[in-house]
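Visitor: Questions regarding the structure given below will be posed in turn.
Values quoted throughout were computed directly from the atomic coordinates according to the rules given, and no laboratory measurement underlies them. Because the structure is a prediction, the values reported are computed rather than measured. Using ideal geometry, Cβ is built from the backbone for each residue, glycine included, and neighbour counts are taken over all protein chains shown.
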Amino acid sequence: MKQERSSFSSRLGFVLAAAGSAVGLGNLWRFPYLAAKYGGGIFLLVYLILVVSFGFALMITEIAIGRKTRLSCIGAYKALDRRFGFLGWIAAFVPVIITPYYCVIGGWVMKYLFEFVSGGAMATADGGDYFNSFIGFDADSIGSTMLDFSGPTPWFLIFVLLTALVVIFGVEKGIERASRFMMPVLAVLAILIAIYSLTIDGAMTGLKYYLMPDFSKFSASTVLGALGQMFYSMSLAMGIMITYGSYMQRENILEHSVTQIEVFDTLFAFVAGLMIIPAVVAFNGGDPSQINAGPGLMFVTLPMVFESMAFGTVVGAVFFLLVLFAALTSSISLMETIVSVVMDKTPLKRRPTTILMTVVVLLVGIPSCLGYGPWAGITIIGMQFLDFFDFLSNSVLMPIVAFLTCILIGHVVGTKVIADEVKQGANAFHREKLHRVMVRWIAPVLLMAILLSELATKVFGLFTI
Ligand code: PFF
């Protein structure tokens, strides 16, 4: 018995759901540290250019593929061309890699929330030692390291279980409704914190670093970093937008929705950068080149911002609660994606599938939890586990999926298929030319060049650009 495919009741419903998936730790945690790491303004500029050109083209392509085929990614690629069926599988595999480490970071957020509500806030504002000893926690045995709340593993477990419970009981609706209220509050709070951050002594140097591009800092890595971040943040190249598109009604104007999701997602990332980068430069004595920008940036900098403000503990607690919510809505949609792929392809029902995938997420996530602590000695091509999974998904698999999608649409089935779908329910496809040139030529060439140079640099160490 084929079930009628459910659909979003309104265009706003679609935009909110897609934006809920897009806005998450990628905007708040990942964007600021990459921007700080890759040269500030130059990264921001490259990112913005990519979002309005390539991000737009790929997002509209994915949503149109979903709306046209009414299938999720595994079936959708195959329906367009049988030879590209494998691409759906690679795309579906990306969330399997992302979810575990996403939940590890979600666990970090929980730990910080706990510290802020239980009176330990001040301890976290020490310039990084607290954070490093938290993620690097190592007891005398692996067993006690994993069970001790001074380290990341129990927090990761709780975060995964929370996500799994929501997916098992199908209470996403409740979470979604709550997040419709929480997300705007988070946006307002982030703006207020950003304004406060800019008043800290010395923040202006950081602001300049963040906003003014320094072209001498431009390199292939800047582009790859920005590209991977764009995929991650806009939930692209992993089949998610295809699935969302398959729920979208034909009467809706696709192009408008894409523009709104893009603007929303990018504004969130931009404000997160404003909150964190000027402050970190100020706390570092005003020298942007001294910023040690890694995955810990948000966790090290924000507590210092909160410590320096009146009622900082309360503001910090509310902030981490809202971030936790944004992270949960995203991890739920990630987990939901994996579960629905397995349910589609096997006779398994929702509950056993979720339990099975939870075990997979736990097993794959544990190395990321222990990777800065007891397993710090183990590296894969020079990276800790978490960094490696992040690299594998954002810098390898997503560019491959995006490249092959461009080949499929641009040179096999033709961009007209997408353009026709976009025009359904709308009078015109305003950026049709841009879409065509991007998908056929610019994006694939850029993707190939960058992928090869990055692989050569990271994997073979042949040359550095
Ligand atoms: N786009 C999300 C973020 O920026 O945090 C990450 C993400 C969430 C990707 C959900 C995919 C997804 F299904």
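Visitor: When all C-alpha to C-alpha distances in the chain are sorted into bins of 10 Å, what percent of pairs does each bin hold, rounded to whole numbers?
Guide: Distribution as computed: 4, 21, 32, 28, 13, 3, 0 percent.
Visitor: In addition: Would you mind checking the tilt of helix 254-283 against the longest principal axis of the Cα atoms of the chain, expressed as 0 to 90 degrees and rounded to 10?
Guide: For helix 254-283, the angle is close to 20 degrees.
Visitor: Next question. Taking the Cα atoms only, what angle lies between the long axis of helix 398-407 and the longest principal axis of the chain, rounded to 10 degrees?
Guide: It is inclined by approximately 20 degrees.
Visitor: Related question: Sort ILE195, ILE442 so that the residue with the fewest other Cβ atoms within 10 Å of its own Cβ comes first and the one with the most comes last.
Guide: ILE195, ILE442
Visitor: Give me a comma-separated list of calculated 3J(HN,Hα) values for region 12-21, in order, Karplus coefficients 6.51, -1.76, 1.60 applied at θ = phi - 60°, integers in Hz, x for any Gly or Pro.
Guide: Values, residue by residue: 4, x, 5, 4, 5, 5, 5, 5, x, 6 Hz.
Visitor: Next question, about the same structure. For LYS423, give me every one of the aspartates and glutamates with a C-alpha distance below 20 angstrom, ignoring sequence neighbours fewer than eight places off in its own chain.
Guide: GLU62, GLU251, GLU255, GLU262, GLU432
Visitor: Out of the chymotrypsin sites (Phe, Trp or Tyr not before Pro) in region 301-347, which ones are loop residues according to DSSP with at most 13 other C-beta atoms within 10 Å?
Guide: In loop regions of region 301-347 (DSSP not H, G, I, E or B), the sparsely surrounded chymotrypsin sites (Phe, Trp or Tyr not before Pro) are PHE311.
Visitor: Net charge within 12 Å of PHE268 by Cβ-Cβ distance, Lys/Arg positive one each and Asp/Glu negative one each, not counting PHE268 itself?
Guide: Local net charge: -1.
Visitor: Using a simple spin-label model with points 7 Å from Cα along the Cα→Cβ vector, what separation in nm is obtained for SER150 and ASP129?
Guide: The answer from the label model is 1.4 nm.
Visitor: Simple spin-label model, 7 Å along Cα-to-Cβ: VAL52 to SER10 in nm?
Guide: Label-label distance for VAL52 and SER10, simple model: 3.0 nm.
Visitor: Grab the DSSP H runs of the chain that are 4 residues or longer, score each as -39,500 (n - 2.57), total them, divide by all residues and round the 222 nm result to the nearest 500 deg cm²/dmol.
Guide: -22000 deg cm²/dmol
Visitor: Relative to the longest principal axis of the C-alpha atoms of the chain, give the angle of the C-alpha long axis of helix 220-233, reported between 0 and 90° and rounded to the nearest 10°.
Guide: So the inclination is approximately 80 degrees.
Visitor: Under 15 Å from the Cβ of GLY107, count the other residues' Cβ atoms, weight Lys and Arg +1, Asp and Glu -1, and hand me the total.
Guide: -1
Visitor: Same structure, new question: Ranked from highest to lowest mean number of other Cβ atoms within 10 Å per residue, what is the order of the peptides 276-286, 123-133, 443-453?
Guide: Highest-to-lowest ranking by the protection proxy: 276-286, 443-453, 123-133.
Visitor: Counting other Cβ atoms within 10 Å, which GluC sites (Glu not before Pro) in region 230-274 have at most 11 and lie in a DSSP loop? Provide the component values of the computation, followed by the final result.
Guide: Numbers: sites: GLU251, GLU255, GLU262; in loops: GLU251.
Qualifying residues, ordered by number: GLU251.
Visitor: Hand me the trypsin sites (Lys or Arg not before Pro) from region 341-422 located in a DSSP loop with no more than 13 other Cβ atoms within 10 Å, in residue order please. Display every interim value, and only then the final one.
Guide: On the way: sites: LYS345, LYS349, ARG350, LYS416; in loops: LYS349.
Sparse-neighbourhood loop trypsin sites (Lys or Arg not before Pro): LYS349.
Visitor: Related question: Determine ³J(HN,Hα), in whole Hz, for all residues of region 194-202 in sequence, where each value follows from phi through the Karplus function 6.51 cos²θ - 1.76 cosθ + 1.60 and θ = phi - 60°; x replaces Gly and Pro.
Guide: These are the phi-based 3J(HN,Hα) values: 4, 4, 4, 3, 5, 8, 5, 4, x Hz.
Visitor: Would you mind ranking THR346, THR337, THR205 so that the residue whose beta carbon has the fewest other beta carbons within 10 Å leads the list?
Guide: Values: THR346 11, THR337 25, THR205 16.
Starting with the residue having the fewest Cβ neighbours, the order is THR346, THR205, THR337.
Visitor: Calculate the tail of P(r) for region 318-465: the fraction of all Cα-Cα distances greater than 23 Å, expressed in %.
Guide: 62
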